[in-house]
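To start, the structure itself, in structure tokens.
The values are calculated or read from the model by the stated rules, or taken from the named source; none is laboratory data. For clarity, every value in this text was computed on a predicted model and none was experimentally measured. Virtual Cβ from ideal backbone geometry, glycine too; neighbours counted across all protein chains shown.
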Amino acid sequence: MYIISIIVTACTNIISVIGLALLTGYTGMFSLGHAGFMCIGAYTAVLLNKYLMVPYVLALILGGCGATLVSLIIGYPTLRNKLRGDYFAICMLGFGTIVRLILNNMNNPVTNGALGLTNIPKLTTLWSTLLFTAALVFFMWNFVHSQYGKNCVAIQQQEVAAEMMGVRIVRTKLLSFAISAFYCGVAGGQLAFWLQYISPATFSDTRSNDFLATLVTGGTNSITGPFLAAAILTSMLEYLRSLVNWRLVVYGLLYILIMRFRPEGIMGYKEFSLKKTIKFFKELPQNWPGYMEKFKEKLTGRRKRS
Amino acid sequence: MSTILQQLINSVSVGGLYALLAVGYALIYSVFDFTNFAFGGIMMVSAFAGYFSTQLGLGTIPAMFVAMVAGVALSVAVELLAYRPMRKRNAKRLFLMISAMGVNIFLTNLFLCVFGANLRTLPSGFASNTITLWGVQVGTVDIVAFVTSAISLAILCFFLYKTRSGIAVRASAIDMSTAGLMGINVNRISLIVFVISGITAAIAGMFFGMKYTVYPGMGAMSNKAFIASVIGGLGSLPGAVLGGFVLGILEVLVAGYISATYRDLFSFGAMIIVLMFMPNGLIGKGDQNKL
């Protein structure tokens, strides 16, 4: 049961981090408020299920749609007119707080204010989670390798040049924002039906931070990088429970160090592939001296320059 | 009538502090073209430095100097250790932003883990005093905060428009590489800018600590300053001041007459409305509008 719980949590994290990967990694927009979308998705899904008897899968998808709708409402003013990413970043920073603020102060029997929703039926199972994660990762993989995904990367690399080549900047940005919100909404619903209890505090800023840290560590331009990072970091945190408060300190340092030394993250622009990894380890004994040589060159080269 | 006057005086003092912080943002934004999200963390650390020096028995004014030293040291350290190496490699703005946010998260949570989330009152010689002005009771701290921020803004204005270094800063804001070609030492300019932003962070942090309390999460207040500089026009100095006062007045009025819980909602809402109808802020002229 314990292991299953870790796997389900890891899967919800993977879904949201991959949603964020499209926005931050591929399109190049910075967000620290995606827990707000999780919150909206979770509340929508649970309330639909509770009061309108919407079945589980449909409730999750509708939760995602609710998050998408909200994302379009915030996205339009902040992303139009080719405004700088800074407006968007600060808006998202406030967004997570505001969603919690509003839910905390809605003291009606439906949303139940700061106390949150209790007695949610446990509808999320291991298999449904795995299936959902696989499907969503598959869709995202296809999306980023399609023309739309390439448009996103073009915007991230050179916005002006992308526009010259005929990429519609605002539309593409809004699209990737909406998709990432949808992913977070679905993940939120899934988490709610697993925890059986949600309150606005479940979706704190810490969660958004976790997502961004995972993404930055995993690599901003790959799907498998964040996927692996989410899986590893989530399970690692379970074993390091005692250090849980210090993790944000470490995340902060991690952002700085990774951006300083390897801004593209651990995986960078590459995707993880089992074949290549096996090949790498098989050929490691022969290639080892070569790697050492390269490493030495790198070190001495740096010294010469400075 | 007297309550309105009271609210207005209160809002002007908050607005002055927002203006000061917004100027700190605007300076760095206009020179380096990125938002220094670490600003809130630096403000928090300098407020803590001020708090600890009052605990050691220093008066309010020496404590203010300690806070300034801490703010300046930290601001310059962040620039030298985190931003400058990245700028040298022509890193993307996104990466600089993530790094800045990392500094903020690191500082906030480090202080949270080490000192706990307690609210600490910053003792000051005049925090609880009030004086009567036109028949209205006004906190001395409000007056001092307003006067200090006004004086600091005036000094900054003088520095930027009348001294050689100030003119160099403005030249780098318009075009950094050309300024470098004209013989301006761009690295020195970056230090000057970060020193100024550290000082503004320290002053604002001290006064926020006196008006409210000192706690690790107080850096979030600087997000309001960012909103203020967006309302006024990002990157424009007069815009930042104007935006600071507009936001301060709006917040106090909302807290006084509608609800204090929804204050943040209104500030972010104001930013979104300004972005919808005036994407360049109230007095910003366009993307090229600098200082």
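One table, with the values for the structure above:
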read-out	value
Positions within segment A:205-257 being part of a loop (DSSP other than H, G, I, E, B), closer than 28 Å to B:Lys92 by Cα and of a type in the set (S, T, N, Q), in sequence order	A:Thr220, A:Asn221, A:Ser222
Helices (runs of 4 or more DSSP H) lying entirely in segment A:114-187 (those with 1 or more residues that are assigned by TED's automatic domain parsing to the domain that holds A:Ile14 and over 22 Å from A:Arg80 (Cβ atoms))	A:126-144, A:147-157
Selected residue (only one of A:Tyr148, A:Tyr183 is of a type in the set (Ser, Thr, Tyr) and either surrounded by 24 or more Cβ atoms within 10 Å (Cβ to Cβ) or closer than 20 Å to A:Gly66 by Cβ (or both))	A:Tyr183
Exclusive hit being at pLDDT below 85, crowded, with 24+ Cβ neighbours inside 10 Å and more than 18 Å from A:Leu195 (Cβ to Cβ), set A:Gly19, A:Gly94	A:Gly94
A:Thr206, sole failed condition from (1) surrounded by 21 or more Cβ atoms within 10 Å (Cβ to Cβ); (2) within 14 Å of chain B (Cβ to nearest Cβ); (3) under 16 Å from A:His34 (Cβ atoms)	(1)
Scope segment B:51-63; condition out of contact with any strand residue (DSSP E or B) (no Cβ under 8 Å at 6 or more places or on another chain) and part of a helix (DSSP H, G or I); matching residues	B:Phe52, B:Ser53, B:Thr54, B:Gln55, B:Thr60, B:Ile61, B:Pro62, B:Ala63
Sole residue being away from every other protein chain (no Cβ under 14 Å), surrounded by 14 or more Cβ atoms within 10 Å (Cβ to Cβ), assigned to a helix (DSSP H, G or I) and in contact (Cβ under 8 Å) with a residue 60 or more places away in the chain, chosen from B:Val66, B:Val72	B:Val72
In segment B:199-235, the residues that are outside any helix (DSSP H, G or I), within 14 Å of chain A (Cβ to nearest Cβ) and in contact (Cβ under 8 Å) with a residue 60 or more places away in the chain	B:Leu234, B:Gly235
Condition broken by B:Val169, with the remaining ones in (1) within 24 Å of B:Val195 (Cβ to Cβ); (2) crowded, with 16+ Cβ neighbours inside 10 Å; (3) within 14 Å of another protein chain (Cβ to nearest Cβ) satisfied	(3)
Check on A:Val70, modelled with pLDDT of 85 or more, assigned to a loop (DSSP other than H, G, I, E, B) and either within 14 Å of another protein chain (Cβ to nearest Cβ) or surrounded by fewer than 24 Cβ atoms within 10 Å (Cβ to Cβ) (or both)	no
Segment B:1-37 - residue that is assigned to a helix (DSSP H, G or I) and of a type in the set (Ser, Thr, Tyr) and, of those, nearest to B:Ala150 (Cα to Cα)	B:Ser13
Flag for B:Ser124 being within 17 Å of B:Gly219 (Cβ to Cβ), touching a helix residue (DSSP H, G or I) at 6+ places or on another chain (Cβ under 7 Å) and either at pLDDT 85 or above or more than 14 Å from chain A (Cβ to nearest Cβ) (or both)	no
Top-ranked residue in segment B:75-98 [being assigned to a helix (DSSP H, G or I), of a type outside the set (A, V, I, L, M, F, W, C) and within 13 Å of chain A (Cβ to nearest Cβ); ranked as farthest from A:Val244 (Cα to Cα)]	B:Lys88
Index of the failed condition, B:Phe34 passing every other in (1) more than 9 Å from every other protein chain (Cβ to nearest Cβ); (2) within 21 Å of the chain's Cα centre (by Cα); (3) in contact (Cβ under 8 Å) with a residue 60 or more places away in the chain	(1)
From the options A:Tyr87, A:Tyr76, residue that is in a helix (DSSP H, G or I), within 14 Å of another protein chain (Cβ to nearest Cβ) and touching a Ser or Thr at 6+ places or on another chain (Cβ under 9 Å)	A:Tyr87
Long-range neighbours under 8 Å by Cβ, at least six apart or interchain, first residue more than 7 Å from chain A (Cβ to nearest Cβ) within segment B:260-282, second of a type in the set (Lys, Arg)	B:Ser267/B:Lys224
Leading residue by the ranking (surrounded by the fewest Cβ atoms within 10 Å (Cβ to Cβ)) among those in segment B:207-229 that are more than 11 Å from B:Val23 (Cα to Cα) and out of contact with any Leu (no Cβ under 7 Å at 6 or more places or on another chain)	B:Tyr212
Matching residues, segment A:248-271, being surrounded by 20 or more Cβ atoms within 10 Å (Cβ to Cβ) and modelled with pLDDT of 75 or more	A:Leu248, A:Val249, A:Tyr251, A:Gly252, A:Tyr255, A:Ile256, A:Ile258, A:Met259
Residue count, segment B:30-47 (criterion: among the aromatic types (Phe, Trp, Tyr) and surrounded by fewer than 24 Cβ atoms within 10 Å (Cβ to Cβ))	2
Residue that is nearest to the chain's Cα centre (by Cα), among those in segment A:214-255 that are within 11 Å of another protein chain (Cβ to nearest Cβ) and closer than 21 Å to A:Val153 by Cβ	A:Leu215
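Rundown of residues vs (1) within 11 Å of the chain's Cα centre (by Cα); (2) at pLDDT 80 or above, yes/no style:
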residue: B:Ile4; (1), (2): no, no
residue: B:Ala22; (1), (2): yes, yes
residue: B:Ile42; (1), (2): yes, yes
residue: B:Ala49; (1), (2): no, yes
residue: B:Gln55; (1), (2): no, yes
residue: B:Thr60; (1), (2): no, yes
residue: B:Ala70; (1), (2): no, yes
